[in-house]
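Below you'll find the structure, written out as structure tokens, and then a few comments.
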Amino acid sequence: MKVTLTVNGHEVAREVEDRTLLVHLLRDMADLSATNVGCDTSSCGACTVLLDGRSVKSCTVLAAQADGSEITTVEGLAAGEEMHPVQAAFRAEHALQCGFCTPGMVMATVSLLAENPDPTEEQVRTALEGNLCRCTGYHNIVRAVLAAASERRPR
Amino acid sequence: MIPAPFTYKRAGSVEEALELAVDGGEEAKFLAGGHSLLPLMKLRLAVPETLIDIGRLRELSYISEHDGHISVGALTSHDTVARSDLLAAELPLLAYAAGQVGDPQVRHRGTIGGSLAHADPAADLPAVILALDATLVARGPSGSREIPVAAFFRDLFETALEPGEMITEIRVPKPRDPGWSFQKFTKRGIDWAIVGVAVQGGSVALVNMGSTPLRAGAVEREVAAGSLPGDAAAHAAEGTSAPDDLNGGRPYREHLARVLVRRGLEEARSRS
């Protein structure tokens with residue numbers, strides 16, 4: 001079947017099998033390989049992207065289910081050379097070690113801050129429950145999310 | 001991991017979904033958020049020939065207040081249920097428990113009707129709906145009918161739904177006793193409950209203590225007779241058949257049930 005998506009602002013139309021998962025369309029057919037496949041069982045969150053603005057695990061969404069939707073991957077965040085505030089905060093706070101979970105962590109954070117622009121530390125930890133860091137670098141990740149939220153707050 | 005091949009159909013209305021289900025026969029399944037079904041399909045534990053995507057039926061996503069009850073459309077997402085001001089005021093047990101399902105990504109996709117139809121005894125909402133004495137509205141080829149939740153869960157992943165029938169609405173009576181509690185014991189935040197407990201007034205339901213969500217009848221009788229929470233909770237494991245698995249043996253789960261029921265009854269009492 002034919003699936004048409006708007007990915008990072010660009011139209012992507014592809015012929016896919018009915019069983020094709022969104023993450024495979026993005027990685028293998030749209031050349032957007034930043035989104036990782038980790039556990040493949042909707043536990044780890046490495047495959048998190050935004051579907052119409054809300055975080056989803058793209059290993060557990062059929063490409064067909066996303067037909068007609070707007071998808072944002074981590075490749076779509078930066079404005080040219082300028083990193084998105086969440087990306088910048090992850091760099092500044094050293095919120096990554098091996099980097100495998102980072103695209104998913106960043107997208108889960110963007111979704112969180114859209115829903116709750118000023119979260120408490122506890123709310124950040126709860127909101128990132130669906131994203132696992134195999135280096136267990138959670139403290140710096142939480143610091144980065146709080147820093148990104150504070151950066152966005154009007155002073 | 002990808003699912004075995006199947007044919008994908010998207011329904012534009014409830015009527016069309018029901019027609020597609022008749023065409024698909026026994027090997028067709030409805031697909032809502034897909035967060036229970038797609039993982040099973042990847043593992044080949046479910047191999048439907050046809051998936052009928054009902055996920056876009058906005059007409060089944062709503063929360064509304066009526067005389068004496070609240071109606072929740074079957075395709076209302078866990079996230080929407082968790083954030084509803086109406087539910088926070090009228091059915092805080094349901095709103096709170098929906099916010100404990102999975103993680104934010106899962107709650108964005110998963111739906112209340114999908115969770116009930118899937119009937120996993122380890123899932124949170126089946127026990128909550130059981131404790132709330134809700135009525136499920138189902139539609140099939142021969143029309144609409146109401147199923148009391150007490151008659152809905154038949155066995156592991158088995159419900160009273162007939163082939164081709166789908167849940168359209170969950171009707172929850174407004175509780176007489178406002179005291180409520182939801183207790184969920186997990187190893188990690190995103191896990192299914194090893195044991196969970198839903199309490200509304202004197203109604204107590206258990207997560208993952210048998211092949212279906214269970215009412216803790218012996219506890220409820222003790223509560224009705226005026227027993228203190230600690231005494232009533234001692235009966236929490238009566239009539240259960242908890243699973244034995246890597247997360248815990250049956251005696252451990254029975255112990256957890258007694259502890260969590262006591263905590264649940266105490267918390268509910270503090271809120272009533």
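Computed from the coordinates by the stated procedures, all read-outs in this text should not be read as laboratory data. Please read all numbers here as calculations on a predicted model, not as lab measurements. Every residue, glycine among them, receives a Cβ derived from its backbone with ideal geometry; neighbour counts consider all protein chains shown.
Could you state, as a whole-number percent, how many of the C-alpha pairs of chain A are farther apart than 27 Å? Could the numbers behind the result be given before it?
Values: 2452 of 11935 pairs.
Result for the distance tail: 21 percent.
When the Kirkwood hydrodynamic radius is evaluated over all pairs of different C-alpha atoms of the stretch B:1-103, what value in angstrom, to one decimal, is obtained? Mind dumping the intermediate values first?
Numbers: mean 1/r = 0.0657 Å⁻¹.
It works out to 15.2 Å.
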- Roughly what would the spin-label model give for B:SER144 and B:GLU26, points 7 Å off Cα along C-beta, in nm? 3.1 nm
- Task: Mind pulling the angle between the C-alpha long axis of helix A:138-152 and the longest principal axis of chain A? Nearest 10 degrees, somewhere in 0 to 90.
- Result: 90 degrees
- Message: At q = 0.30 Å⁻¹, what log₁₀ I(q)/I(0) does the stretch B:7-53 have when each alpha carbon counts as one equal point scatterer in the Debye sum?
- Response: -1.12
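Whole number please: convex hull volume per residue, Cα atoms of chain B, in Å³. Walk me through the numbers on the way to the answer.
Working: hull volume 32.9 nm³, N = 272.
In chain B, the Cα hull volume divided by residue count equals 121 Å³.
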- Query: So which aspartates and glutamates pass the test for B:LYS187, namely a Cα distance under 13 Å, with those fewer than 8 places away in the same chain ruled out?
  - Reply: A:GLU129
- Item | Hydrodynamic radius (Kirkwood) for the stretch B:118-272, which is based on Cα pairs only, to one decimal in Å | 15.8 Å
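Just the number, please: Stokes-Einstein D of the stretch B:213-272 in µm²/s, Kirkwood Rh from C-alpha pairs, 25 °C, 0.890 mPa s.
Translational diffusion coefficient: 207 µm²/s.
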- Query: How large is ³J(HN,Hα) for each residue in the stretch B:50-56, as worked out from phi by the Karplus curve 6.51 cos²θ - 1.76 cosθ + 1.60 (θ = phi - 60°), to whole Hz, x for Gly and Pro?
  - Reply: 10, 10, 9, 7, 9, x, 9
- Two-decimal log10 I(q)/I(0) for the stretch B:60-173, as the Debye equation yields it once each C-alpha is a single scatterer, q = 0.10, 0.11, 0.16, 0.20 Å⁻¹: -0.25, -0.30, -0.66, -1.05
- Message: Pick from B:VAL259, B:VAL207, B:VAL172 the residue whose mean-square fluctuation is largest in a GNM of chain B, springs joining Cα atoms under 10 Å.
- Response: B:VAL259
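Provide Rg over Rh for the protein assembly as shown; use the alpha carbon set for both Rg and the Kirkwood Rh (inverse mean inverse pair distance). Mind dumping the intermediate values first?
Numbers: Rg = 21.9 Å, Rh = 22.5 Å.
In the protein assembly as shown, Rg relative to Rh is 0.98.
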- Just how far, in whole angstrom, is the stretch A:69-93 from the stretch A:108-155 if you go by their alpha carbon centroids? 14 Å
- Name the lysines eligible as straight-distance cross-link partners of B:LYS9: C-alpha to C-alpha under 22 Å, and not fewer than 8 places from it in the same chain. A:LYS2, A:LYS57, B:LYS29, B:LYS42
- Task: Mind pulling up the Rg/Rh value for the stretch A:85-152? Radius of gyration and Kirkwood radius, both on Cα.
- Result: 0.91
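Just to verify a number: FRET efficiency for B:ARG83 and B:ASP191, C-beta to C-beta distance, R0 = 22 Å, to 0.05?
For R0 = 22 Å, the calculated efficiency reads 0.45.
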- Item | Residue among B:LEU18, B:LEU45, B:LEU246 with the largest mean-square fluctuation in a Gaussian network model of chain B, springs linking Cα atoms under 10 Å | B:LEU246
- For chain B, modelled as a GNM with alpha-carbon contacts under 10 angstrom, which of B:PRO121, B:PRO178, B:PRO251 fluctuates the most? B:PRO251
- Message: Using just the Cα positions, wrap the stretch B:183-256 in a convex hull and report its mean projected area in square nanometres, one decimal place.
- Response: 4.8 nm²
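Please compute the length gained on full extension between B:GLU266 and B:ARG221, using 0.36 nm multiplied by the number of residues separating them and subtracting their Cα-Cα distance. Walk me through the intermediate numbers first.
On the way: separation 45, 0.36 × 45 = 16.20 nm, distance 1.61 nm.
Contour length minus Cα-Cα distance gives 14.6 nm.
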